[in-house]
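These notes concern the structure reproduced below.
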2 protein chains.
Amino acid sequence: MNDITVPHLTTASSGPFQLFERAILDNKVAIESWFRNAWRETQAPFYASVDLRNAGYKIAPVDTNLFPAGFNNLNQTFESLSIQAIQNAVEHLPESIDKILIIPENHTRNLFYLENVYCLKTLIEKAGFETRIGSLIDDLESPLTIDLPSSNNLTLEPITRQGNRIILNGFDADLILLNNDLATGKPEILEGIEQIVTPPASLGWSSRLKSNHFGYYQQVAQDLAGIIGIDSWFIDPMFRNCGEVDFMKRDGIDCLSKNIDALLTEIKAKYEQHDISCKPFVMVKADAGTYGMGVMTVYDVADITELNRKERTKMATTKEGQKVSKVIIQEGVYTHETWGSETTVAEPVVYMIDHQVVGGFYRVHEKRSSSQNLNAPGMRFEPLAFDDCCNAPDPNSDLDSHQNRFYTYGVIARLALLAAAREISSLN
Amino acid sequence: MNDITVPHLTTASSGPFQLFERAILDNKVAIESWFRNAWRETQAPFYASVDLRNAGYKIAPVDTNLFPAGFNNLNQTFESLSIQAIQNAVEHLPESIDKILIIPENHTRNLFYLENVYCLKTLIEKAGFETRIGSLIDDLESPLTIDLPSSNNLTLEPITRQGNRIILNGFDADLILLNNDLATGKPEILEGIEQIVTPPASLGWSSRLKSNHFGYYQQVAQDLAGIIGIDSWFIDPMFRNCGEVDFMKRDGIDCLSKNIDALLTEIKAKYEQHDISCKPFVMVKADAGTYGMGVMTVYDVADITELNRKERTKMATTKEGQKVSKVIIQEGVYTHETWGSETTVAEPVVYMIDHQVVGGFYRVHEKRSSSQNLNAPGMRFEPLAFDDCCNAPDPNSDLDSHQNRFYTYGVIARLALLAAAREISSLN
C-alpha cells in the first residue's frame, strides 16, 4: 500500500454536522439491500465517474460523467477490482461479447487523456477481451500511433461502416464502448448500427441535460434519506433550471435572476435550519455541457445581471464551441476538504464500473477557493489516488477514518449512478 | 504491496516443458471467452478453493473444496475483490438476500479455522449483509463466544428449526452459507428447509465423490486443451477408481492393485511421450473424504499390497472416524515449487468466490517431499499469501513472472470450479 492520506476536512470538529455520515455507516446493511434491489430493477451504466463536494455538513454529487476519463489516476493496487467489474459489466449485457471497440474523444495531443484510454484498453484486455481503438476523427485515413509519456503507445484506427456495423480493418467488434461524450452531437456513422453501443449514444452531452439527471438524483436521494432517517438535503444539491438563455443577447436573464434569487433563499433557509454559518451560493452551468466550461459561482443575483462582455462570452460557449442555451442553477456546495496547505482545496472523484465502486482520486487545485469549480486548468490529480476502494467501511474506526469517509463517498456516488441508470432506462 | 515473491520453480529452466503455459497466456481471449460462455450456462458455486500441484511440465488440481477454509490466509490488500465477488455471488441467486447465516465446522478449539470463519463473516458484512454464525454442535445450548488470536472474537449460536426454516434467536436468514463439509452426513435439521442453502448440502463429503468431480474435470480440461491446442494431460491428472475397499479386511485390494498398476503404466507412457525423466507415482485417497487423512503416495503396487497394520488403520479411517470404502487412485503430480531452501516444497491454493479468482496462498511444508500430500500437520501458510489476485497477466513479462504464473493458476483453478459447477448442476 502506498502511504497516501486523506485530505483534511476543515469542518471535521463540528460535531452534529456529521450525523448524516454516522447514519450512513450505521445503516450499511439497509443501504446495500436497497441498492441490491435497485440494481435488480435497473441495469447500471457500463461505467461512470462522479464528482463530489464534501462541505462537512453536506456531501453531494455535482457532476455525473457517463464517459469517464481519468482511469489512469486510480490506485493501481486495485486494478484487479476494475478487471472484475468489467467482466461483470459485460456479463450483464444481453449478448456474448469477445471483441470490444473503444471510441475515445478526438484528442491527439492531450496525452493525459490518451493515457486514460491506454489504461482503459489495458484493463479491458486483462478482463479477457480483444480490444482496439476506433476514432471519430474526420480526416484519419490510416492508423495513428501515439507515444505516451508512460512509454506505452496507443494506436487510433479509422472506423468504417459496413451495412449496419462499425468495422475496423479486420476487426468486427461485438461491443462499442463510448469514451466520447458526443458533445457535438451523435455522428451519422453511429446511427442505427446493430452492435451494442454503451453507454447509449443518446446519452452524449448534445442531448443529455444535467437538470434531468439531478431530477432523478433527487428522487433516489429522497428514497435513501427516508431509509436512514435524515433530511435528504444533506446529500442532495438543490437546483432549478431555465429554458433558453442567451448570455450575449441577454435573453432569458430575467428567468435566470428569479431562479437564482429563489434558490439562494432556499439555501439560506436550509443553512438556518441546520445552523450552518456559511454564505449561500449557487453554480450556474450549461444544462447540456461538460469540461467545466461555462461554469460560474454566484453569491448574489447582481453577479449575473452585471456580467461584463468577457464574462458573458465565457458563459455563452462551452466545449468545442457549442452555444449554451439551457441553463441549470445548482446549489453551491463548499469543498471543505483541503490538502497540505489550508488553501489547497480538494474534491473527490469516484469511479464506478457496472454497479461497483472501483476507486477514485482527489482533484486538487491550488488556485481555487472552496466555492469554485475545480475542474479547470491548474488542477492536478496524480498524487491523490484513493488509498482504498470505497467498499469496505470499518465500523470500529472514526467517521474521519479514510475507510469510512470513502465508503460514504461510494454510497453518494452510487446514488448518482442509480440516477443515471434510471435516466438511461427512461430512454428505452 | 508487500514484498512477497514467488516460490522457485525448480524445473523453470527446462524450456519445452512450459509450452503449455505459453499456450495459456497466448490464448487468453479465447480462454476467457470460453469461460464466459460456460458461466452463462452453468452457475458457479458460491465459493471454492482448489489445491494445485505445479510440476513445471504439468499443472493440475488435486482437490476442489466447496466449503473452503483459509480465507484468513489471503492477501488483505485484495479484500475489496472478495467483497465485490460476494456481492456478485448473491446477485446470481434467485431471491433477494439481506441476512446470511454461516454454518461452520463444529470446531471450537481450532482457532486457525475460526479465524477463517471470522474473516469470512467480516467479508460478507462488508459486502452489505447482516451475518451471524449458526452452529451444528449438538450440545450447544446458548451462544458461545470464542476469543481469537487476532484479538477479535466469534460467537457461535445454536440453530433451531421453525417449520421449514432454520432460525437463530431473532435472526431469520435468507441464505444459509455452508462452511461445513458435512463429512458425517447431512444433518436432519437441514433436511427439506425452504431457505436457500449454498453450496447444496448434498455436495458434502458424505455423498460427494472425488472421482465424480475429476470426471467432470477431465471433460472441461479436454475442452480447454482443444481450444489452446495442447495435450490435455498437461493440465489433467489421470485417475481410476475402485468400488468397495476395506483396508482392514483386505477386501478389494486386488481391484486396487490392478488399477494402480494400470495407472502407473499410463503415467509412464505419458512421461516417455513428453520426455520427462521423473519416477511415476499415484496418490491413493478416500473417494469421499477431506482433510488430508487417508492419503497415500504409491510408487509401486507392492506399496499397497504390503501395508502393515498401522498403515492400513490409517488408510481405513478419515475425518471424524468415517470409514474409507470407495477409493480414488490419482496420478501423482510432483510439486516442483520450493520456497527458501530446496527441500521446502510449496503448493498453490487458489480461492474463488462466484466465478472470480480472489486470491490464494502457498501451502508450504518443510518436512514433506515433492511427491507427498502437503495438507498435513506441520504445514504453514501465513507468510505466503499471493502478492497478486490471478486475474491480470502481463503479456510483456516472462512466463515465470508472478503475474503470469498466477494467471495460469487462476485458469486451472477455474477449470476445477467449472467442473464443480457442473457436478452441482447435475444434482438438480
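Read-outs throughout are calculated quantities, based only on the coordinates presented, and are distinct from any laboratory measurement. Note that the structure is a prediction, hence the values are computed from the model and not measured. Please note: Cβ atoms are built from the backbone with ideal geometry, for glycine as well, and neighbour counts cover all protein chains shown.
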Neighbourhood net charge (13 Å Cβ-Cβ; Lys/Arg +1, Asp/Glu -1) for residue B:43: -3
Förster radius 41 Å - calculated FRET efficiency between residue A:398 and residue B:218, Cβ distance, rounded to 0.05: 0.15
Amide H contacts under 5 Å for residue B:358, placed H, 5+ residues apart: B:351, B:352, B:353
Mean-position separation - Cα centroids, region A:343-363 and region A:405-419, in angstrom: 10 Å
Rough spin-label spacing in nm, given labels placed 7 Å along Cα→Cβ, for residue B:300 and residue A:299: 9.5 nm
Footprinting exposure proxy for A:79, A:244 (fewest neighbouring C-beta atoms within 10 Å first): A:244, A:79
Relative contact order computed over region A:77-203 (Cα-Cα under 8 Å; 6+ residues apart), in percent: 26 percent
Long-range amide H partners of residue B:239 with built H, under 5 Å: B:331
Proportion of all alpha-carbon pairs of region B:76-203 beyond 21 Å (%): 38 percent
Only Lys, Arg (+1) and Asp, Glu (-1) charged, at Cβ; region A:77-203 dipole about Cα centre in debye: 140 debye
Distance violations [Cα-Cα > 28 Å] among A:210/A:258; A:28/A:285; B:270/B:326; A:270/A:326: A:28/A:285
Position residue A:144, label points 7 Å along Cα→Cβ, spacing to each other copy in nm (shortest first, one decimal): 7.0
Cα-only radius of gyration and Dmax that characterise region B:246-287, units Å: 12.9, 40
7 Å along Cα→Cβ, label-point gaps from residue A:162 to other copies, nm, shortest first: 6.4
Rounded FRET efficiency, nearest 0.05, which uses the C-beta distance separating residue A:145 from residue A:311 and R0 of 30 Å: 0.10
Alpha-carbon spread of region B:68-149, three principal axes, descending order, Å: 35, 30, 17
Shortest-first nm distances, residue B:41 label point to equivalent points in other copies (7 Å, Cα→Cβ): 3.6
Region B:217-308 pair-distance distribution - Cα-Cα, 10 Å bins, rounded %: 14, 41, 32, 12, 1
P(r), alpha carbons of region B:140-239 - 5 Å bins starting at zero, rounded %: 2, 10, 14, 14, 13, 11, 9, 8, 8, 6, 2, 0
Debye log10 I(q)/I(0) at q = 0.16, 0.27, 0.31 Å⁻¹ for region B:131-186, Cα point scatterers: -0.56, -1.26, -1.34
Simple spin-label estimate for residue A:258 and residue B:244 in nanometres, 7 Å along Cα-Cβ: 9.4 nm
Karplus-derived 3J(HN,Hα), 6.51/-1.76/1.60, for each residue of region A:301-308, Hz, glycine and proline x: 3, 4, 4, 8, 6, 9, 4, 7
Using a Förster distance of 35 Å, the FRET efficiency for residue B:110-residue B:161 (Cβ separation, nearest 0.05): 0.85
